[in-house]
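The values are calculated or read from the model by the stated rules, or taken from the named source; none is laboratory data. It should be emphasised that the depicted structure is a prediction, and the values quoted were computed from it without experimental measurement. Every residue, glycine among them, receives a Cβ derived from its backbone with ideal geometry; neighbour counts consider all protein chains shown.
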Amino acid sequence: MGVKNICCIGAGYVGGPTMAIIAQKCPQINITVVDINESRIAAWNDKDLSNLPIFEPGLSDVVKEVRGRNLFFSTDVDEAIDKSELIFISVNTPTKTYGKGKGMAADLKYIELCARQIARVSKSDKIVVEKSTLPVRTASAIKSILDNTGNGVQFQILSNPEFLAEGTAVQDLVSPDRVLIGGDNTSKEGKNAINTLVDIYAHWVPKEQILTTNVWSSELSKLTANAFLAQRVSSINAMSEICEKTGADVNEVAKAIGMDSRIGPKFLKASIGFGGSCFQKDILNLVYIAKSYGLYEAANYWEQVIIMNDHQKQRFSDNIVKTLYNTVSGKKITFLGWAFKKDTNDTRESAAINVADNLLSEQANISVYDPKVIPERIYADLDYLNTRYPEENKELLSVVKDPYEACQDSHCVAILTEWDEFKEYDWKRIYNGMKKPAFIFDGRGILNKNELESIGFVYYKIGSGE
Ligand code: UDX
Ligand code: UDX
């Protein structure tokens, strides 16, 4: 018998889009997405679809089609758990900021709270699916809580990690490279649970692309995928520094090696460093797990990916200061972009935050323009670092709605996010409004060097020598 009701706890970047696509592809299943954050749920229910809490290309069309039909957003967590046969846990698992494992381990507080709530409320058997990225073996903790605090009903735990990337979430969900489902494949109940979830995805994903494994392989595969992707970015960024010293161009190097089919072209764009909610968190988590098993070489190996990433951000801001005659105090510097990559309003771990923080410590005045990120978010990101008082951040950094105004009277423009619109700007007009010499630091390598130099700019591209 197929599932009729699904509940998803956590209406975030993962839970929201994932449930919208399942609802679209499985019209016979009712899905309720719940969250303790009332304003987030209100935003998901907003009549005006431009107010959805998450910006993702194509998402509002899907929500328009399914919301109120078989997709619902609510704050009544108990009711949604009670009536569902299958429950996704998609709450956040930030890096711990306190106690043992501070700064490295995943904070599983919210996961545990969810498990306890599910155990308390459930009056019938349930399948509980880990959607959040979790350290390997978390499922055994969830199982123990469910079995020991529940009402005697049966729980099956599955791991079904999400591989969607922000900015392409809808596309990634509609045609995933693969869907991974881990479960207890040694028991009949476990196998049934796995098949129940397979059947849901089989509504639109070819069966050969749905992989089933044991729970631990599934949990560890997600951390592994993110670690490998982040490692590629740190590898090419390490080469970018060597390119700058040798006159090589990192884009040319990336193209040349990417055409080797063994290496492949993806994740070879040199940048100011990777950001996003997953890469850093998941690698730190992997390092912590390795250390906790006493595997120090493996831990150090992966930690180096993070060290390289931090270095890349520092190097970018150092280079700006050095080029601007070793002082940026009182100078206006323009940031184009704040999001951790284009086509998202998410700023978690964005390299822009650290680059800004370094420059503010040098007493620069920063003017930021980002097409999708709201000013409150930008100030919150900086305040969270605790480097200086919020009032000082407000005084030194301003957020501007118009890119030309952001660049007016500026000494230098820094490209922090690869938004497509930056390529279309009237750069001659920007140049005319700037202090001379007018510098551009292209941290994403997206602008046309020859064109900018012919206007008069001094152009610096990450990973390029002369
Ligand atoms: C989350 C995890 O952080 C990540 O590890 C995983 O891979 C995918 O899910 P994301 O969806 O981006 O990522 O997180 P976020 O946008 O912060 O959404 C989580 C939501 O859960 C928030 O809206 C929060 O209010 C909600 N939540 C959190 C609950 O409803 N209950 C809780 O107890 C805790
Ligand atoms: C990532 C994974 O791709 C996804 O599978 C997983 O589920 C969650 O984490 P996401 O964080 O949304 O997704 O973004 P991604 O596109 O992977 O980019 C991460 C960071 O790496 C961004 O800051 C991006 O700008 C940077 N990056 C990516 C580069 O600097 N160079 C590249 O070539 C690719």
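Things to note:
- Within segment 127-145, considering residues that are aliphatic (A, V, I, L, M) and within 16 Å of ligand 1 (Cβ to nearest atom), the one farthest from Ser175 (Cα to Cα): Ile145
- Subset of segment 115-172 [of a type in the set (Asp, Glu) and within 16 Å of ligand 2 (Cβ to nearest atom)]: Glu130, Glu162, Glu166, Asp172
- Remark: pairs (first residue in segment 112-132, at negative phi; second residue among the acidic types (Asp, Glu) and not in a helix (DSSP H, G or I); Cβ separation under 7 Å; 6+ apart in sequence or on different chains) = Lys126/Glu85; Ile127/Glu85; Lys131/Glu162.
- Unique residue being of a type in the set (D, E, K, R) and touching a Lys or Arg at 6+ places or on another chain (Cβ under 9 Å) when the list is Lys331, Lys401: Lys331
- Hits in segment 1-38 (condition: over 20 Å from the mean Cα position of the chain (by Cα), in contact (Cβ under 8 Å) with a residue 12 or more places away in the chain, farther than 21 Å from Pro206 by Cβ and surrounded by fewer than 22 Cβ atoms within 10 Å (Cβ to Cβ)): Lys4, Asn5, Asn30, Ile36, Glu38
- In segment 44-62, the residues that are surrounded by fewer than 15 Cβ atoms within 10 Å (Cβ to Cβ) form Cβ pairs under 6 Å with partners that are in a loop (DSSP other than H, G, I, E, B) and at pLDDT below 95, at six or more places apart or across chains, as follows: Pro57/Asp343.
- Condition check for Asn365: surrounded by fewer than 22 Cβ atoms within 10 Å (Cβ to Cβ) and farther than 23 Å from Asn309 by Cα: yes
- Residue-level analysis places Lys131 outside the set of residues that are modelled with pLDDT under 95, within 27 Å of Leu220 (Cβ to Cβ) and surrounded by fewer than 18 Cβ atoms within 10 Å (Cβ to Cβ).
- Scanning segment 242-274 for residues that are of a type in the set (Lys, Arg) and within 23 Å of the chain's Cα centre (by Cα) returns Lys266, Lys269.
- Scanning segment 206-233 for residues that are touching a strand residue (DSSP E or B) at 6+ places or on another chain (Cβ under 8 Å) and within 16 Å of ligand 2 (Cβ to nearest atom) returns Gln209, Leu211, Ser218, Glu219, Ser221, Lys222.
- Hits in segment 264-307 (condition: more than 13 Å from ligand 2 (Cβ to nearest atom), under 19 Å from Ala351 (Cβ atoms) and of a type in the set (Asp, Glu)): Glu303
- Hey, Lys435 part of a loop (DSSP other than H, G, I, E, B) and touching a His at 6+ places or on another chain (Cβ under 7 Å) or not: yes
- Where a residue in segment 288-301 is surrounded by 18 or more Cβ atoms within 10 Å (Cβ to Cβ) and its partner, wherever it lies, is hydroxyl-bearing (Ser, Thr, Tyr) and modelled with pLDDT of 95 or more, with Cβ under 8 Å and at least six apart: Ala290/Tyr296
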